[in-house]
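Below is one structure; the comments refer to it alone.
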Amino acid sequence: MVRGLKLALAALGLAMLGNSAQAIMARPITSLWHHGTIITMDGPRAKIVPAVVVRSGKIVFTGPLAQARKVAGRGFEDHDLKGATMLPGFVDAHSHFSMLMRVATGIDLDAGEGAPRSIADLLAKVGRGIEARMIAQDDWVVAWNYKDAALAEKRHVTRADLDKAFPGRKVLLMHFTGHGLVASSAAMAAAGVKDDTPNPEGGLFLRDGNGKPNGVVFEAALTPFFAVFPKPTYPQMIEALNITQRQYAANGYTHAQDGATQLADLDFLRSDGAKLALTIDLALLPSFAGLDNLLARGDLAVGQYQGRTKVQGIKFVLDGSPQARTAFFTKNYANGSPEGHHPWHGEPIVSQEVFNAAARKVHARGWQIFAHANGDAAIDMAIKAFDALGIKAGDNRRPVVIHSQFQRPEQLKDYARIGVGPAYFSNHTYYFADVHRSNFSTEVVGFISPFKAAIAAGLHPSNHSDAPVTTLDPFIQLWSSMARTSLSGVVNGPSQRLTAYEGLQMLTTGPAWQVFEEDRKGRIKVGLLADFVVLDRNPLRTPLDQIRSIRVMQTIKEGRVIWTQH
């Protein structure tokens, strides 16, 4: 009771703090930014201006400092950049804000010394998390960022491992891809999964030698676990929201995305307390799994901001993860299925018919369509659905295919014809390309996230982290788009390498276009929002091997500093 009262008071305090922050940001303040390298990102080539004037959250002048001082008038806030570099605030093309909130409320297996390197280390880390959080025997234990490939045993943790280490406990290890988990026997029982439960369409229960589920779960088989997933209290959610948005701000993002919003999270993130707490903009992509509920609601105002949140469109998931071997391809995986079966080229999570019918409902409402598609066969599904709807580039509907990882070259022409915005994921060329090369040819892996080819085709690509799948750090994204070098040092697709300026476009102007905000964000230009990020060095002049060392010094939202490096 006392603890609950304290949490409620904490939430009230956070809400009041958020209210104060909103009030402060609403003041008609004039500010002058100068004496740094101010890269506007306005145009196909780099343009640098000496000074920027901001009034009431928008840019009112860019140009010479003497003229800027006249425009600013008297009583302005003076921001001397002291040689630092200023860019437009980064626009997150795709990540999972609400999942990162969940990580903040659970055990993060990546925290501290990083991902465990053995099953024993992993179990010990979970045990320490249970002890540190004083998790009761009957409460759920949820550990995030489980990475089976990092384990020395080169196998998944199973429910037998969890049962032995934590007898009787409901334990979930959430796979870092967001496409799987490992459950203890108690967790499986709570979710209603039995020894004879069959694989659902588009889902997998990996099995032991006796054919019983071994606790490893992928894709559509996750559904019963989500139904019983532990739900934090409202004060805990507000606290997690603040922790999460600070992570985005610390990485220079002024616009974040929640790339698969569940209905409960949709309601929370649009609640009064969340609106008061938010200091960055947040685009929500509700999952198509709740489409009938969404279609029946009259309060969504899709495509319009309500406070700092906007329901941007509807997210469809067509396939799984290529590194988990659940993505849908036209070619077979050399290593077979997650269970080791051959031949295996993955399978769709939904059928073409189901996707077409649901997409038609979304399209008829004028809502934007976002489709997760990694494998080339899943990309084919997206193209077929868009063609069935008759979408053409001139219609300006801008469907986004998230990841678009293993595109075939000819699919770029389809994207151009339809007007698709590909949200690419260059971090795959670093973190996962070695795994991909064990399954597919050098030619196929070299065309992962084909930025150069997409630009040549006249598309508006973006780049993203898919956090928490990979870190939010934008400079790892920038570096991987420029280097395309794997963990083992292999360059994957050198012809698709970007320049630093092109790489920055994928973090600013590209994602802004994909969410219809190119006239509000992504550039330092008169009339646009004064969303900036200040860096300790100029990415355009930083050697490639030092790009990942660039640090954010300040993040500014609508003229107000919301994060400063200490």
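Full extension of the chain segment joining residue 395 with residue 80 gains 109.0 nm, where the gain is 0.36 nm per residue of separation less the Cα-Cα distance. In the chain, the longest principal axis of the Cα atoms and the axis of helix 234-250 are about 60 degrees apart.
First check a/c for the stretch 340-430, with a ≥ b ≥ c the square roots of the eigenvalues of its C-alpha gyration tensor; if it is under 1.5, answer rounded, and if not, answer prolate when a/b is larger than b/c or oblate otherwise.
oblate
For the stretch 225-242 and the stretch 160-197, what is the separation of their Cα centres, given in Å? Comparing the Cα centres of the stretch 225-242 and the stretch 160-197, I get a distance of 19 Å.
The apolar share of the surface of the chain, taken as the fraction of accessible area on carbon and sulfur atoms (1.4 Å probe, ligands and nucleic acids excluded), comes to 54 percent.
Taking every alpha-carbon pair in the stretch 343-383 and binning the separations at 10 Å intervals from zero gives 26, 52, 18, 3, 0 percent.
The charge dipole of the stretch 437-523, taken about its Cα centre with unit charges on the Cβ of Lys, Arg, Asp and Glu (plus for the first two, minus for the last two), comes to roughly 160 debye. Using every pair of distinct Cα positions in the stretch 441-549, the Kirkwood expression returns a hydrodynamic radius of 14.9 angstrom. Average accessible surface for the stretch 34-146: 45 Å² per residue, computed with a 1.4 Å probe over protein heavy atoms with every protein chain in place. When the surface is traced with a 1.4 Å probe over the full set of protein chains, residue 460 keeps roughly 80 Å² accessible. Residue 363 contributes an accessible area of around 40 Å² to the protein surface, as traced by a 1.4 Å probe with all chains present.
Each label was represented as a point 7 Å from its Cα along the Cα-to-Cβ direction; for residue 113 and residue 293 these points are 4.1 nm apart.
In a fully extended conformation the segment linking residue 351 and residue 544 would gain 65.2 nm over its present Cα-Cα distance, using 0.36 nm per residue.
The amide H of residue 96, built 1.01 Å from its N in the peptide plane, has 259, 467 as neighbours under 5 Å, considering only residues 5 or more places off or on other chains.
Computed with a 1.4 Å probe on the full set of protein chains, the accessible area for residue 185 sits at about 40 Å². Subtracting the Cα-Cα distance of residue 495 and residue 263 from 0.36 nm times their residue separation leaves 79.3 nm of extension gain.
Rounded to the nearest whole Hz, the Karplus-based 3J(HN,Hα) values (6.51 cos²θ - 1.76 cosθ + 1.60, θ = phi - 60°) of the stretch 95-104 follow the sequence 7, 10, 4, 5, 5, 5, 4, 5, 4, 5, with x at glycine and proline.
The simple spin-label model puts a point 7 Å past each Cα toward its Cβ; for residue 228 and residue 56 those points are separated by 5.5 nm. Taking amide hydrogens as placed 1.01 Å from N in the peptide plane, the amide H of residue 214 sits under 5 Å from those of 206, 207, 208, each at least 5 positions away in sequence or on another chain.
Modelled this way, with points 7 Å down the Cα-to-C-beta line, the labels at residue 341 and residue 364 are 3.6 nm from one another. In the calculated pair-distance distribution of the stretch 369-415, the portion above 12 angstrom amounts to 59 percent of the Cα-Cα pairs.
Taking a ≥ b ≥ c as the square roots of the eigenvalues of the Cα gyration tensor of the stretch 169-225, is the shape rounded (a/c under 1.5), prolate (a/b larger than b/c) or oblate? Rounded, because the longest to shortest axis ratio a/c is under 1.5.
Look at the dipole of the chain built from charges on Cβ: of 51, 290, 200, the Cα furthest out on the positive end belongs to 51. Considering only 221, 244, 233, and ranking their Cα positions along the charge dipole of the stretch 218-280 that arises from unit charges at the beta-carbon of Lys, Arg, Asp and Glu, the one farthest toward the positive end is 244.
Accessible area per residue (1.4 Å probe, heavy atoms of protein chains only) ranks 118, 465, 56 as 56, 118, 465, with the largest value leading. Estimated from helices alone, the mean residue ellipticity of the chain at 222 nm is -9500 deg cm²/dmol (sum of -39500 (n - 2.57) over DSSP H runs with n ≥ 4, per residue).
When a/c is below 1.5 the answer is rounded, else prolate if a/b is larger than b/c, else oblate, so apply that to the stretch 375-500 with a ≥ b ≥ c taken from the square roots of the Cα gyration tensor eigenvalues.
On the way: a/c = 1.93, a/b = 1.66, b/c = 1.16.
Here the stretch 375-500 falls in the prolate category.
The values are calculated or read from the model by the stated rules, or taken from the named source; none is laboratory data. Everything quoted here is computed from the prediction, not taken from an experiment. Note: ideal-geometry Cβ built from the backbone for every residue, glycine included; neighbour counts use all protein chains shown. For the accessible areas, the whole protein counts, side chains as well, though only heavy atoms, and no ligand, DNA or RNA atoms are used. Shrake-Rupley method; radii C 1.70, N 1.55, O 1.52, S 1.80 Å.
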